[in-house]
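Okay, structure first, notes after.
The values are calculated or read from the model by the stated rules, or taken from the named source; none is laboratory data. It should be emphasised that the depicted structure is a prediction, and the values quoted were computed from it without experimental measurement. Every residue, glycine as well, gets a Cβ built from its backbone with ideal geometry; the counts of neighbours run over all protein chains shown. Surface areas here come from the heavy atoms of the whole protein model, side chains and all, with no ligands, DNA or RNA. Shrake-Rupley method; radii C 1.70, N 1.55, O 1.52, S 1.80 Å.
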Amino acid sequence: DHPSLAFQIPRQKPEATPKNALEQTSRAGWLLALAGFIPFAGLALSLLILNADYALYGVAQQGLATYGAVILSFLGGIRWGLALQTRNEEVAPRMLVLSIVPSLVGWFSFFVPAPYVFAIQALAFAGQGAWDAFTGPDQGFPQWFSRLRMWLTLIVTGAMVLAFFATIALSPLG
């Protein structure tokens, strides 16, 4: 170990069994994912509760759209990493192409006004979540991660649908 390395991967403790390591990874993944849901919940509820004339309403609206786009890119990055690990040369190029779709949808959604940005992102989260939950285990995801993706998809999509309905009154449709 070189002392100048700013980041080092911790070594697994000898007493940790593979089952315990998997449980620790699963628990940490669930906790981090649920913490990542807090901005979705807080910002979507803010759009529901705050008056549109309130100064922070626009911040909440833009914050949720931005956070949604960032997380879509993150989800695409997970698929990109999975594609890089595949040994199937016929499947890898298709996986790489599909892995950039969430990022492109998130980027495109920046140019769409509320409430439509939230509808687009809700559909993107639902589609990505279905893909991850139903095909993930066959493509290398641990079973706990596929369950996590299913639950997160439900609550994140719900938050985006809530944001859509909270902002629709301000749109030309309202």
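Rundown of residues vs (1) more than 20 Å from residue 29 (Cα to Cα); (2) assigned to a helix (DSSP H, G or I); (3) open to solvent by 20 Å² or more (accessible area, probe 1.4 Å), yes/no style:
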{"site": "69", "(1), (2), (3)": "yes, yes, no"}
{"site": "74", "(1), (2), (3)": "no, yes, yes"}
{"site": "79", "(1), (2), (3)": "no, yes, no"}
{"site": "87", "(1), (2), (3)": "yes, no, yes"}
{"site": "98", "(1), (2), (3)": "yes, yes, yes"}
{"site": "114", "(1), (2), (3)": "yes, no, yes"}
Qualifying residue in segment 141-155 (condition: open to solvent by 50 Å² or more (accessible area, probe 1.4 Å), in contact (Cβ under 8 Å) with a residue 24 or more places away in the chain and either over 13 Å from the mean Cα position of the chain (by Cα) or at positive phi (or both)): yes
Test for residue 83: is it over 20 Å from residue 57 (Cα atoms), touching a helix residue (DSSP H, G or I) at 6+ places or on another chain (Cβ under 7 Å) and not in a loop (DSSP other than H, G, I, E, B): yes
Output for segment 134-167, where each listed residue is touching a Leu at 6+ places or on another chain (Cβ under 7 Å), over 20 Å from residue 63 (Cα atoms) and assigned to a helix (DSSP H, G or I): 139
Scope segment 30-46; condition under 18 Å from residue 165 (Cα atoms) and of a type outside the set (S, T, N, Q); matching residues: 39, 40, 41, 42, 43, 44, 45
